[in-house]
Amino acid sequence: TGSTRPQRILRAVQKNATRGDPCSVVKAIDDYCRHKEWAMNVGDEKGCIVDSVVSEVKPTAVLELGTYCAYSTVRIASLLSPNAKLITLEFNSDYAAIAREVIAWAGLQDKIQLVEGASGEWIPRLKEEFGIETFDLIFLDHWKDRYLPDTKLLEKCGLLRPGTVLLADNVICPGTPDYLDYVRNSQQYKSKFFKSHLEYTQEEDGLEKSVFLG
Ligand SMILES: O=C(NC/C=C/[C@H]1O[C@@H](n2cnc3cncnc32)[C@H](O)[C@@H]1O)c1cc([N+](=O)[O-])cc(O)c1O
Ligand SMILES: [Mg+2]
C-alpha cells in the first residue's frame, strides 16, 4: 500500500524545511503542493490575508476548526505572542498524527494544542477542559457544511465576545452559502469579504472576516 498525500506532505517538510523554523515549514508545503501535488491548505496567497488579520487582531486565544496537515496551524501560531495559545480540532486520526509531526518540526508544540475530535463534540467542552473564557480569533477551514452549525454552537457556548473575529476559508470555492448568508445578514456580525484565489490555482475564492458584535 502506498503513502497518503498527508504522509507525502510530511516527507516534503522533513526533507526541505529546517527544524524549528515555521516559515521554512510553510514554504516547504507550499512548494510541494504548488509543483508536485495539490492539497487543501489555505496556501500562500490566502495565507498572506490570514497573516494580516492575525497581525491586526493580535489574538491570545485562537481556535482553528480543521487542522488537516497543520499548514495554517503553523502559519498562524508562528505569528502569535509568547503567551498566546492556539487550539486546533481535527477528527481524522491519520491527519492528526501527521499534523502533530508537522507542528513538532516547526517547533511550535508549546503554542499549539491539537485536539483529536469532532468540533460539534468538543466546542461545548473547551471552557472546562482548557480554561478558555472566549476566543479572540477563530479560523474556520473544516467541512464547509459545518461552518454555520459550529458558529451557532460557539455563540451558544459563550465562546465569542464583542470583537471576536471569525475568519472563514473557501467562502467561494468550494463555498459556504448558508454561513455567508448568516454572517452577512445577522445584526450580530460585521462581515467583510477578502477576494483571492483557491490555493495553488487561478480559481476564484476568498476569505470572509466577520467580527462578532455581541
Ligand atoms: O473541503 C475542504 N476542506 C475540508 C477540510 C477538512 C479537514 O477538517 C477536518 N474536519 C472536518 N470536519 C471536522 C469537524 N471537527 C474536526 N475536524 C473536522 C477533516 O478531517 C479534514 O482534515 C476544502 C476543499 C477545497 N477544495 O478546493 O475542494 C479547498 C479548501 O481550502 C478546503 O478547505
Ligand atoms: Mg480551506
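Could you check, for the stretch 178-190, whether at least one of its residues is of a type outside the set (Phe, Trp, Tyr) and either at positive phi or within 12 Å of ligand 2 (Cβ to nearest atom) (or both)? No, the stretch 178-190 has no match at all. Return yes or no: is Cys33 surrounded by fewer than 16 Cβ atoms within 10 Å (Cβ to Cβ), part of a helix (DSSP H, G or I) and either touching a Ser or Thr at 6+ places or on another chain (Cβ under 6 Å) or in contact (Cβ under 8 Å) with a residue 12 or more places away in the chain (or both)? When the stated conditions are applied, Cys33 does not pass them. Only helices (runs of 4 or more DSSP H) whose full extent lies in the stretch 67-149 are considered here, and none of them has at least 1 residues that are more than 23 Å from Arg11 (Cα to Cα), touching a His at 6+ places or on another chain (Cβ under 6 Å) and more than 16 Å from ligand 2 (Cβ to nearest atom).
Does Leu160 fit the bill of being among the aliphatic types (A, V, I, L, M), in contact with a helix residue (DSSP H, G or I) (Cβ under 9 Å, 6 or more places away or on another chain) and surrounded by fewer than 18 Cβ atoms within 10 Å (Cβ to Cβ)? Taking the combined requirement at face value, the residue does not satisfy it. Cβ separations smaller than 7 Å between residues 6+ apart or across chains give the following pairs from the stretch 105-130 residues that are surrounded by 13 or more Cβ atoms within 10 Å (Cβ to Cβ) to residues that are among the charged types (D, E, K, R) and part of a loop (DSSP other than H, G, I, E, B): Trp105/Arg19; Gly107/Arg19.
Taken over the stretch 179-214, the criterion of being aliphatic (A, V, I, L, M) and assigned to a loop (DSSP other than H, G, I, E, B) is satisfied by Leu198, Leu213. Among residues of the stretch 11-25 that are in a helix (DSSP H, G or I), none has a Cβ under 8 angstrom from a residue that is surrounded by 14 or more Cβ atoms within 10 Å (Cβ to Cβ) and at pLDDT below 95 at a sequence gap of 6+ or on a separate chain. State whether one or more residues within the stretch 163-175 are under 30 Å from His35 (Cβ atoms) and more than 15 Å from ligand 1 (Cβ to nearest atom). No, every residue in the stretch 163-175 fails to be under 30 Å from His35 (Cβ atoms) and more than 15 Å from ligand 1 (Cβ to nearest atom). Within the stretch 29-50, the presence of at least one residue that is small (Gly, Ala, Ser) and in contact with a helix residue (DSSP H, G or I) (Cβ under 6 Å, 6 or more places away or on another chain) is confirmed. Against the definition (over 25 Å from Gly120 (Cα atoms) and within 16 Å of ligand 1 (Cβ to nearest atom)), how does Arg100 come out, yes or no? For Arg100, the condition - over 25 Å from Gly120 (Cα atoms) and within 16 Å of ligand 1 (Cβ to nearest atom) - is not met.
In a residue-by-residue description of the stretch 49-69, the property of being without any contact (Cβ under 8 Å) to a residue 40 or more places away in the chain and buried (at least 17 other Cβ atoms within 10 Å of the Cβ) applies to no position. Filtering Leu159, Leu153 for residues that are touching a residue at least 40 places away in the same chain (Cβ under 8 Å) and either more than 23 Å from Cys69 (Cα to Cα) or part of a helix (DSSP H, G or I) (or both) leaves a single hit, Leu159. For Asp136, are the conditions met, namely being surrounded by 16 or more Cβ atoms within 10 Å (Cβ to Cβ) and away from ligand 1 (no atom under 14 Å from the Cβ)? Here the answer is yes, as Asp136 does meet what is asked. Within the stretch 87-102, the set of residues being within 13 Å of the chain's Cα centre (by Cα) and buried (at least 23 other Cβ atoms within 10 Å of the Cβ) comprises Thr88, Leu89, Glu90, Ala99. The combined condition, being surrounded by 12 or more Cβ atoms within 10 Å (Cβ to Cβ), over 20 Å from Gly66 (Cα atoms) and not aromatic (Phe, Trp, Tyr), is fulfilled by Gln188.
The values are calculated or read from the model by the stated rules, or taken from the named source; none is laboratory data. On a predicted model such as this, the values are computed, not experimentally measured, just so you know. So basically every Cβ, Gly included, is an ideal-geometry build from the backbone, and we count neighbours across all protein chains shown.
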